Amino acid sequence: MPSVRQNLERLVRIPSVSFEGFDPENVRRSAEATRDILDAAGMRTRILQVDGAHPAVVGRLEPPPGAPTVLLYAHHDVQPEGPIDRWTSPPFEPVERDGRLYGRGAADDKSGIAVHEAAVRAWGARPPVGVTVFVEGEEESSSEHLPEFLARYRDELRADAVILADSGNWRVAEPAITTSLRGIVAVFVEVRTLDHAVHSGEYGGPIPDALTVLIRTLATLHDERGNVAVPGLAAGTADPLDLTEEELRGWAGVRPHVQMIGEGSLTARMWTRPAISILGIDAPKVFEASNQLVPAARAKVSMRIPPGQDPDAARDALVKHLEASVPWGADVTVTPEASGAPYRLKAEGPAFDAMRRAMREAFGREPVEMGAGGSIPFLAAFAETFPGAALLLTGAMDPTSNAHSEDESVDLADLERSALAEALFLGYFGLD
């Protein structure tokens, strides 16, 4: 583990943000570093490329005669660092505090690369199964080219089981297999009330400003209890497990007097019911505001959709609701952005039996089957490309990892336990 941690820190130091507008050379550097790490672990490696895409990395160990092959997935790109002043330590300088390693990507998802490296090293690069490690370079920017990678390199990536190390554990030291994911639909909504800005004193009163119209429109997306108010969306139930409101508030850093919204169990609200968030608004900044009626305003609306919900139908329902909710006859334009399908896994069969056994031994307790409120659209791409393979969604993260936020971190003890579980899985799956 000391060398695995050293390699993880090496990866964290590379600001491999895959978003447009960031230096793509950093993503290439992280791909090259990943290749070198897997090569040093004893794998036959190379960088994969398709036109217009950030590079991916593949490492291979051929299976012994008659043995199955396992594909291990992770991604080496990361989210932007966000406001630097919100970080306790520099985002791309890994630092250990209280048994956790801090830094952008330390959890999401360079920890996945570390787990795969450690599992391969644990077997001396000679596990009883074939192993292919595939590390993508643009998951954070929507995995746009992943279907093309999978189609072009299908034969090289084919496997009997796929471990997708981009999820996490139920809690620190409590392992989990993720069995459901919400999908996502995002749109831009723009309202306009005037051809141009006008004096707020001269014309304010009879003429509505666009920002007020937009706010009233967005307010219709939830009812008074905080439930999503868009008609026609699917909703389900979920095992409440042992999650308490107090624990959830602590994980998320909810302010003391802020109330929880929505109805149903906490896990259902996070995993199997729709959720809508306003991610951004285009409007004058407060310090730039002048005494004028704003003629146009725009917002990005993101909706998470539960398993069983068709993304196209959800998008159409959201668009219809927004268009019908604009007050006072203002012009409205709703433009769809990205969408991703929800997914539900059947945690049955030899691969899941082997993973449960491996987690039980590595963590010393029975793994939890949990849902995830986030969206991982690449799961559907793997399911379509390898319909006969078992898909296992795991990872070394936990609810306090702060993925996509400041002070992202991974628990180092959980990193080791996750690596041990994956190494044990390779042995137990080989036996089956």
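Could you tell me whether residue 190 is more than 17 Å from residue 333 (Cα to Cα), open to solvent by 30 Å² or more (accessible area, probe 1.4 Å) and not basic (Lys, Arg)? It is false that residue 190 is more than 17 Å from residue 333 (Cα to Cα), open to solvent by 30 Å² or more (accessible area, probe 1.4 Å) and not basic (Lys, Arg).
Could you tell me whether any residue of the stretch 152-169 is within 26 Å of residue 421 (Cβ to Cβ), among the polar types (S, T, N, Q) and out of contact with any strand residue (DSSP E or B) (no Cβ under 6 Å at 6 or more places or on another chain)? Checked the stretch 152-169: no residue is within 26 Å of residue 421 (Cβ to Cβ), among the polar types (S, T, N, Q) and out of contact with any strand residue (DSSP E or B) (no Cβ under 6 Å at 6 or more places or on another chain). Taking the criterion of being over 21 Å from residue 28 (Cβ atoms), of a type in the set (Gly, Ala, Ser) and open to solvent by 20 Å² or more (accessible area, probe 1.4 Å), the residues of the stretch 131-177 that qualify are 151, 173.
For the stretch 51-108, a residue qualifies if it is of a type in the set (Val, Ile, Thr) and in contact (Cβ under 8 Å) with a residue 12 or more places away in the chain, and the qualifying residues are 57, 58, 69, 70, 78, 88. Meeting the requirement of 1 or more residues that are surrounded by fewer than 16 Cβ atoms within 10 Å (Cβ to Cβ), the helices (runs of 4 or more DSSP H) wholly within the stretch 243-333 are 245-252, 311-325.
Can you find a residue that is β-branched (Val, Ile, Thr), in a loop (DSSP other than H, G, I, E, B), open to solvent by 30 Å² or more (accessible area, probe 1.4 Å) and touching a strand residue (DSSP E or B) at 6+ places or on another chain (Cβ under 9 Å) anywhere in the stretch 210-227? There is no residue in the stretch 210-227 that is β-branched (Val, Ile, Thr), in a loop (DSSP other than H, G, I, E, B), open to solvent by 30 Å² or more (accessible area, probe 1.4 Å) and touching a strand residue (DSSP E or B) at 6+ places or on another chain (Cβ under 9 Å). Could you tell me whether the stretch 83-96 includes any residue that is crowded, with 24+ Cβ neighbours inside 10 Å and either within 17 Å of residue 155 (Cβ to Cβ) or among the aromatic types (Phe, Trp, Tyr) (or both)? No, the stretch 83-96 has no match at all. Out of 72, 11, 38, one residue alone is hydrophobic (A, V, I, L, M, F, W, C) and under 18 Å from residue 146 (Cα atoms). It is 72. Filter the stretch 373-432 down to the residues that are of a type in the set (S, T, N, Q), in contact with a Lys or Arg (Cβ under 9 Å, 6 or more places away or on another chain), closer than 19 Å to residue 177 by Cα and crowded, with 20+ Cβ neighbours inside 10 Å and list them by number. 375, 401, listed by residue number. Just one of the listed residues (85, 36, 23, 98) is under 19 Å from residue 112 (Cα atoms), modelled with pLDDT of 95 or more and not small (Gly, Ala, Ser), namely 36.
In the stretch 77-91 there is no residue that is over 20 Å from residue 401 (Cβ atoms) and either of a type in the set (S, T, N, Q) or in a loop (DSSP other than H, G, I, E, B) (or both).
The values are calculated or read from the model by the stated rules, or taken from the named source; none is laboratory data. Computed from a predicted structure; not experimentally measured. Don't worry about glycine lacking a Cβ; one is built from the backbone with ideal geometry, like all the others, and counts go over all protein chains shown. The accessibility values were calculated without ligands, DNA or RNA, using every heavy atom of the protein model including side chains. Shrake-Rupley method; radii C 1.70, N 1.55, O 1.52, S 1.80 Å.
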